Each structure stands twice: as C-alpha cells, then as structure tokens.
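The values are calculated or read from the model by the stated rules, or taken from the named source; none is laboratory data. Fair warning: this is a prediction, and the values are worked out from it, not measured in the lab. Cβ sites come from the backbone with ideal geometry, for glycine too, and all protein chains shown count toward neighbours. Just so you know, the surface numbers come from the protein's heavy atoms only, side chains and all, with ligands and any DNA or RNA stripped out. Shrake-Rupley method; radii C 1.70, N 1.55, O 1.52, S 1.80 Å.
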Amino acid sequence: MNRLFDALLGLIYPRRAQCMGCGSQAGFERDWLCEDCRQQLARRWAGPGQPPPGGMFLGAAYGYHYGGPAGGLVRSLKYRGVTRLAPMMGRAMASAFDGIQPTGADCLVPVPMHRKRLRQRGFNHAALLAREAGTLLALPTLEALERVRNTRQQARLSASKRRRNMDDAFKAVEDVRGRRVILVDDVCTTGATANACAKALLDAGAEAVYLLCFAVASEDK
Ligand SMILES: [Zn+2]
C-alpha cells in the first residue's frame, strides 16, 4: 500500500533529484540522504564532547564529526537554502544534547549573523537549527545576541588579531541575567566564534553557557 502511494506521489511530485549529503543525482531514500550517506553519517555520530578551550562553556554536545555527508548537509542548508533540512539536523542536535543532561538549561541562543549577511541569505541557519532542537528539548529560542561587527574577513588576519577582531564582535540584546543558555551553531571549528558569543552572554549576566552544534571539526576525522 505504501509502495503504491509512493509511486502515485512520485507521479505528482517527481522524486527529489539530489542526495543532500554527496550531491548524487541518484536521489535519496530517507532523511534527504542516499543509503551510502546515511550509513556514513551514522559512523560520524559525536554526541557529548569537549567544549572549545577557553573555559567559557560548562559542557558541549555535537551531532556529528564534520566532513562527508555532515558537511554536505551543512552546505545544503546554508548556501543552497534547503531549509527543510533543519528538522532532521535539529533532531540530531537534540539527541546529542540529551547526552549531557541534566544541565538546567532554560533557553537556546543561536549564533547571530551580521545584518548585511542576513539580508543576503534571508535566514539565519543557526536560528533554524536552534528552533528545531529547542522544540524537541521543550525549550524556547531567544535571539539574544547581535553581531555588531562583520567578521567575515577573519581568514586574512593573524591569530592574535583574529582573536581581537572577534572579542567584541557580539553583544547581548536581550536580558540573559541568571539564565542557563545553550549556544547554537551549525559547525564548531576553532571555537573562536563560540567563545566570543559565550563571553558576551556571560558578560551580560548569564549563569552558564553550553555549546550545541550540528557538527564539530576535529583533526582526527
Ligand atoms: Zn549521498
């Protein structure tokens, strides 16, 4: 019966042509991924992990190790605007965060985009992920941070200048005093962005900050 229904549906809505993990034109079976990518993604599961160094976070959890299909999903969401990926990505994040519960966390705060970039892209991917994960964790999403400086040109700067460039790039625009916050981003690489956001939240009076990302870039994977 299901098969017949799928076949009929296929006539009305032609099958989505591309796997969101590897771009294969063979299409996908489930969760926007071809079978090969689904298996690869499962092997990349991360869960509870080390926060970036700097002592800003009480704990951290990541859906997957970055690369392979995890990278494909992030790029499809961010640069191709496939926002329908957010629910399955948020689901992975919520499961990862469950691994470090209980945390007493009371809200999720997405890493903000600079206004200019937000206008170009039309959505903040981190905010979409926060809302999806938050629904499953039964916690509200609070857009409590603002990016006051566009830090896009980071790559051209030396490490110390980069840190300084990042230091005051964010500010709290909501009252976070006494709150236990889960900072949300798509990928954690050096942790510079995450640390700068956490600092802004702690400076504004947040009691604790946890980090939750869809993927973590680790050197051994
Ligand atoms: Zn694939």
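Before moving on, here are some points about what is shown:
- Taking all protein chains as shown and a probe of 1.4 angstrom, Lys171 keeps an accessible surface of around 100 Å².
- Between segment 18-67 and segment 70-129, the alpha-carbon centres lie 13 Å apart.
- In angstrom, the C-alpha Rg and Dmax of segment 64-118 are 13.4, 37.
- Site pair Thr135 and Arg149 shows an inter-label distance of 3.7 nm when each label is modelled 7 Å from Cα along Cα→Cβ.
- Probe 1.4 Å - accessible area at Leu202, Å² to nearest ten: 60
- Approximating the spin labels as points 7 Å out from Cα along Cα→Cβ, the Met88-to-Gln101 distance works out to 2.3 nm.
- With q set to 0.11, 0.13, 0.20 Å⁻¹, the log10 of I(q)/I(0) for segment 45-216, from the Debye formula over equal scatterers at the Cα positions, is -0.40, -0.57, -1.46.
- With the simple model of a label 7 Å out from the Cα in the direction of the Cβ, Ser24 to Arg80 spans 1.4 nm.
- Within the full protein context, the accessible area of Met88 is estimated at about 20 Å² for a probe radius of 1.4 Å.
- Distances between placed amide hydrogens fall under 5 Å for Gly21 paired with Cys34, all partners being 5 or more residues away or on another chain.
- Eligible aspartates and glutamates near Lys171 by straight Cα distance, threshold 12 Å, same-chain separation 8 or greater: Glu143, Glu146, Asp203
- Rounded to the nearest 20, the size of the Cβ-charge dipole of segment 45-216 about its Cα centre is 1000 debye, with Lys and Arg at +1 and Asp and Glu at -1.
- Under the Karplus curve 6.51 cos²θ - 1.76 cosθ + 1.60, θ = phi - 60°, whole-Hz ³J(HN,Hα) for segment 109-116, x wherever Gly or Pro sits: 10, x, 5, x, 9, 5, 3, 4
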